[in-house]
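Read through the structure below, which is laid out as structure tokens, and then see the notes.
Derivation of every value follows stated rules applied to the coordinates shown; laboratory data play no part. As the structure is a prediction and not an experimental result, all values here were calculated from the model. Here the Cβ positions follow ideal geometry from the backbone for every residue, glycine too, while neighbour counts run over all protein chains shown.
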Amino acid sequence: MTSDITLPFYQALTTDVNALSACQAQDELQGIRREALERFAVLGLPTLKTEAWRYSNIQRYLKEFPYELLYATTTVPAATIAQTAIPELDSYRIVLVNGHLQADLSELPAGKGITIGALSAHTQAPGFTTWFNKQHHLAQESLATLNTALFADGLYIELAANTVIDKPVHIVHVYTTTQHAFIQPRHLWVLNRNAAATIIETSVHPDAGAVTFTNSVLETVVEENAELWHYNIQQGDQHFREVHTTAAQQQANSRYHHFNFTLPGTPFTRNNLSVALNGSNTETNLNGLYIANESQHVDNHTFMDHIMPNCNSNELYKGVLLDNANGVFTGRILVHREAQKTNAFQQNNNLLLGTKADINSQPQLEIYADDVKCSHGFTAGQFSEESMFYLRSRGIGEDAAKALMVNAFSHDITDAVKVPALQHYLQEQIAAIMNN
Amino acid sequence: MMNSNEIIDDIANKEYEFGFTTDIEMDIAPPGLNEDIIRFISAKKNEPEWLLEWRLKGFAAFKKMQFPKWQHFEMPELDLQALSYYAAPKKKKQLNSLDEVDPELLATFEKLGIPLNEQKALTGVAVDAVFDSVSVATTFKGKLKEMGVIFCSFGEAVQEYPDLVKKYLGTVVPHSDNIFAALNSAVFSDGSFTYIPKGVRCPMELSTYFRINAQNTGQFERTLIVADEGSYVSYLEGCTAPMRDENQLHAAVVELVALDHAEIKYSTVQNWYPGDKDGKGGIYNFVTKRGICKGNASKISWTQVETGSAITWKYPSVILQGDYSEGEFYSVAVVRNKQIADTGTKIHHIGKGTKSRIISKGISAGRGDNSYRGLVAVGPRADNARNFTQCDSLLIGNDCGSHTFPYIESRNKTAMIEHEATTSKIGEDQIFYLNARGIDTEKAVALIVNGYVKEVLNQLPMEFAVEAQKLLSITLEGSVG
């Protein structure tokens, strides 16, 4: 069912009780939803005066079309997802259409200890009851609270202790709506002790004549000594807008590797990524590459929360901004008083190639412990003239030389991709963008 | 030999060395902030009508504003109505030489190590001493006058050079810039005015000592420095304040204007009363400092050594409007006990080929909280703009905090911007290395801290560098330096 919302969003959502009652099927979540809605009422929709959103005018994009809240499930034919295949990638496949699992197109990994299914069907699962909506950072982000209040469904993954999935899991998100819709998928992935998985997310946007605005939230939990490799590839479309919140929690001795690739297509992308380190001796790698063209707006907002001692985190975000693209990067590292022996590093490098492209960056260090090593770095600039001259003087055309340089620039990120087929695919995509 | 814990405790507990008060008869306005008091100040200073109107505009803007909430510390409760907005030593007859200055006042300066006498001739420093708002003694005026340099109190400038003041006042920091600037515009008592004529290289370092004295008196200086085409000036500002239990607000405004090919070097050593070890008392240093490189190939350089004040909250900024103009910001900020520093700079690259360089060194000890907050903005016209920023933080002890909040905005693809920030404590290996060579831990820490801030201290004029080094060592001495 759908319920109409008219802007201003904020008033509509907080006063429209019908919007909430639309989701009342899942009774046990009533309390959580109501609390989240109250929290949203306090936070309100972000404006340019909201510090965390000062460079991203989401209101402008929300007002673009008369969006409606959409909860209905749709299905897509097999042909739709055929085009999303990553060549030579040997993986399991999960297909989500507007956040709803479409089982007939999915090839789920089977085996002891693996639970994968619709979130709505697993609200009694131990992982859900223990971890759902427990990441306290979510309560700080108004769109995440909105998602908690109004989400319809999403993907639930739980790996029991000592469970390792042998192949990467490829999640294909299909977003297609016949009316301008605002949809709010909600996912929860729990890796228990010693579990390990590689998860790849891609998306496809068959044009059904309407614009889709997603406000998705993913919570991941990496338990003691577990390891998660998570690749999120955002290749959108002109009729797609996206706010994506990922809230990860790590327990002692765990490893979390997050990759975020934002490639041309979606006019507005905002990624909130937060990692809370609830245990010691963890390793966290956050890698991001954003290549934006035309008047694309890409905003990566990251938060490394060092709560416990002896943790290492590395963050590297690189951006290539073409045409009139706007890039935004915020990287906050918070080291709590107890988090001694923290090593936290962060780097944000940008290539401004378009005449009207711009970049706004806020690398932040907030440190309350003394025995730490923390740093951040930022650069924005151009290809060095010497390098261009070197390539040109060897008979390489200007465009080809640029493509080569962008390839080299993004190599730090693509090289860290541990799935060869995916790495190859990404390199091809980057080359294709630059050759256009 | 002290171990490092004792050293750290020592820093945290060190008492302020310059705490003493001077008894001089004060002419104090009743507490309260309203239009009448602004008219009173203006009348007292015999100001022209336009300046009074400007003050009232500032007051009108102030009334509409609220205290900001974005800062990284808890805003102390400020009762602006409880402050007195005018205090001046009682008018004495015109003085011809230093002998005529109140000996008690001279003794105070002596204690602070400010030699306001013939020694100055040897060191080549002219001093415009501001004692609670009104300038009482000015030296070297004659020599400066010969070269056409105007260096006088703000009040004097309003009387004698009204056109110059009118032309530049509020052009860099408008009366409605921020709440403290608006307050200053409304009630500023005095300050300094400097004008360097075309092509003149000011032969000496100009310096002003600010000193907050009377209880319950906020100080609202206004400094305006104009460097005309092709001129050069180096301006020093140093502060110490006596110990007080009540917090004192200091909301000064400094405006710098550099025309074509001019250069202004502005250096500050700030050592106001930081409050006791529980954070009681201490100065609130909420200052608006901004310079504009109006002309082509002009240059403005800010250097600051901040060791005092309960709260230091300021962002000396540069607007690089002229093509190929240059801005610099060098800063050392030390916090200990419960001191707070939220400081940094803003650099606006507007003209072509503009360059900027930011070096910020923060040292946090005790329960101090030190934040660097800065903005580097490159506009679409600023082709080939260049910025380099480095912010380093040193943490001493586990109860302090150190934060970096840079904002970087680039709207030009030919701009090159680099920013790096690091936070760490003094390496045990470094201390060990020095210990192994017979240098005790205390001296080793001092040596490392000295090396750490050297890049900034080197920017200070020679006379000042010595004072700054002394100040830093007093601040961390018997402790770490």
> If you take the C-alpha gyration tensor of region A:392-436, multiply each eigenvalue by 5 and take the square root, what semi-axes do you get, largest first, in whole Å?
Replying inline: 22, 11, 7
> What per residue convex hull volume, in Å³, comes out for region B:236-332 when only alpha-carbon positions are used?
Replying inline: 68 Å³
> What translational D, rounded to a whole number of µm²/s, comes out for region A:208-361 from Stokes-Einstein when the hydrodynamic radius is the Kirkwood one over Cα pairs, at 10 °C and 1.306 mPa s?
Replying inline: 100 µm²/s
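What FRET efficiency comes out for the pair A:Gln140/A:Asn285, r = Cβ-Cβ distance, R0 = 25 Å, nearest 0.05? Write down the numbers at each step before the final one.
Working: r = 23 Å, r/R0 = 0.93.
With a Förster radius of 25 Å, E is 0.60.
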> Fewest to most neighbouring Cβ within 10 Å: what's the order for B:Ser309, B:Ser189, B:Ser424?
Replying inline: B:Ser424, B:Ser189, B:Ser309
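Helix-only mean residue ellipticity at 222 nm, chain A, DSSP H runs n ≥ 4 weighted -39,500 (n - 2.57), per residue, nearest 500. What is it?
Result for chain A, helices only: -6000 deg cm²/dmol.
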> How many lysine pairs does region A:288-436 hold where the Cα atoms are under 25 Å apart and the two sit 8 or more places apart or on different chains?
Replying inline: 6
> At a Förster distance of 25 Å, what's the computed FRET efficiency of B:Gln159 paired with B:Arg39, Cβ-Cβ distance as r, to 0.05?
Replying inline: 0.90
>> When only alpha-carbon atoms are used, what values of Rg and Dmax, in angstrom, describe region A:261-305?
In response: 13.6, 43
> Does region A:67-117 come out rounded, prolate or oblate, given a ≥ b ≥ c as the square roots of the eigenvalues of its C-alpha gyration tensor, rounded meaning a/c under 1.5 and, failing that, prolate meaning a/b above b/c?
Replying inline: oblate
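Within region B:377-426, list the GluC sites (Glu not before Pro) lying in a DSSP loop whose Cβ has at most 10 other Cβ atoms in a 10 Å radius.
Values: sites: B:Glu409, B:Glu418, B:Glu420; in loops: none.
Sites meeting the loop and neighbour criteria: none at all.
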>> What whole-number distance in Å separates the alpha-carbon centres of region A:178-240 and region A:368-429?
In response: 26 Å
> How large are Rg and Dmax for region B:293-353 when only the alpha carbon atoms are used, in Å?
Replying inline: 14.2, 44
> Given labels modelled 7 Å from the Cα in the Cβ direction, how far is it in nm from B:Met462 to B:Gln430?
Replying inline: 2.9 nm
>> Exceeding 31 Å between C-alpha atoms, which entries from my cross-link table qualify? They are B:Lys289/B:Lys413; B:Lys294/B:Lys314; A:Lys134/B:Lys277; B:Lys44/B:Lys145.
In response: A:Lys134/B:Lys277
> How do B:Thr404, A:Thr379 rank when sorted from fewest to most other Cβ atoms within 10 Å of their own Cβ?
Replying inline: A:Thr379, B:Thr404
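If you rank B:Ile426, B:Ile300 by fewest surrounding Cβ atoms within 10 Å, what's the result?
If I rank by nearby Cβ atoms, fewest first, I get B:Ile426, B:Ile300.
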> What are the ³J(HN,Hα) values, in whole Hz, obtained from phi via the Karplus relation 6.51 cos²θ - 1.76 cosθ + 1.60 with θ = phi - 60°, for each residue of region A:80-91 in sequence order, with x given for Gly and Pro?
Replying inline: 4, 8, 4, 5, 8, 4, 8, x, 6, 8, 8, 8
>> Sort A:39-48, A:360-369, A:162-171 by packing, meaning the average of other beta carbons within 10 Å per residue, with the highest value first.
In response: A:360-369, A:162-171, A:39-48
> Can you tell me the Rg and the Dmax, both Å, for the Cα atoms in region A:2-279?
Replying inline: 17.8, 50
>> Of all beta bridges DSSP finds with both residues in region A:2-279, what is the antiparallel percent, to the nearest 5?
In response: 15 percent
